[in-house]
1. Hey, among Arg64, Arg101, which residue is part of a helix (DSSP H, G or I) and under 21 Å from the mean Cα position of the chain (by Cα)?
2. Under 7 Å between Cβ atoms, at least 6 apart or on separate chains: pull out the pairs that start in the range 106-124 with a residue that is within 13 Å of Ile16 (Cα to Cα) and end on any residue that is surrounded by 10 or more Cβ atoms within 10 Å (Cβ to Cβ) and of a type in the set (Lys, Arg).
3. Can you say whether Asp111 is under 30 Å from Gly128 (Cα atoms) and either touching an Asp or Glu at 6+ places or on another chain (Cβ under 8 Å) or not aliphatic (A, V, I, L, M) (or both), as far as the supplied structure shows?
4. When you check Val55 against the structure, is it under 25 Å from the mean Cα position of the chain (by Cα) and at pLDDT below 95, yes or no?
5. If a residue must be in a helix (DSSP H, G or I), free of Cβ contacts under 8 Å to residues at least 24 places away in the same chain and of a type in the set (A, V, I, L, M), how many such residues does the range 125-144 contain?
6. Being surrounded by 10 or more Cβ atoms within 10 Å (Cβ to Cβ) and outside any loop (DSSP other than H, G, I, E, B) is the filter here; which residues of the range 37-53 pass it?
7. Any residue at all in the range 116-131 that is at pLDDT below 95 and more than 33 Å from the chain's Cα centre (by Cα)?
Amino acid sequence: MKTLPKIIARSGRAPIVVTPEKWHSVDASITALGTEFGGLLQPLSGTERRNLLRVGIAKESFTREFLALTKAHPEIMPPMLRPAETQRDWQTREDLAARRREVATLLQQIDDTMAGLESDCLATALAGYQALLRGGAPAGLEPEVASLRRHFARHAAKAAAGATPAKSAGAAKTPEVVAGEVPPAAPKADGATNGGDAGMPLAA
């Protein structure tokens, strides 16, 4: 019998409780940060971005080394190339890079937190969906349940279309639910595996 995708147990992370006041404070800080950066940043159009010289790690290193040389020996730089302005631009670039690293660290932490929340919510939704199918949908909810089934039916159709002869012949279970089939028993809080599908870890 085909089953639901394997359910990953909830991560066990500490719950996050955020008050509306805290979100207002965070929003105000983001607004203030944007205001502070407002006069420093120069957004580019798509065309402008495509026309820029590509500066990878090697060329970045070259630029930094050459400008350090011309700073120590300004006589080697033709005045028409505006060496002082170039030195100032590079220093601004370096200062922005330092701030960007701080912001990037914060964004990575936001992404990690979102991923953990999404994973836990999906684990709960899959466990609840198992229980719903096993117990039968209450009267009046048939359209909603049918809509939920379609999420798995689309994956089942893709898997069937791309199945190799060895897989389509048989032995391995596929991770999708087919309409009309009853999934294995709902997850247990202690994380024990389901006897009907020993390979599927259960959510809390």
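1. Arg101
2. Close Cβ pairs satisfying both conditions: Gly116/Arg13; Asp120/Arg10.
3. So Asp111 fits the description; yes.
4. no
5. The number of residues fulfilling the criteria is 2.
6. Those that are surrounded by 10 or more Cβ atoms within 10 Å (Cβ to Cβ) and outside any loop (DSSP other than H, G, I, E, B): Phe37, Glu48.
7. Kept after step one, since they are at pLDDT below 95, are these residues of the range 116-131: 116-131.
Going one step further and asking which of them are more than 33 Å from the chain's Cα centre (by Cα), we end up with none.
So far as the range 116-131 goes, no, none of its residues is at pLDDT below 95 and more than 33 Å from the chain's Cα centre (by Cα).
The values are calculated or read from the model by the stated rules, or taken from the named source; none is laboratory data. Everything numeric here is computed off the predicted structure, so don't read it as measured data. FYI the Cβ positions are ideal-geometry reconstructions off the backbone, even for glycines, and counts take in every protein chain you see.
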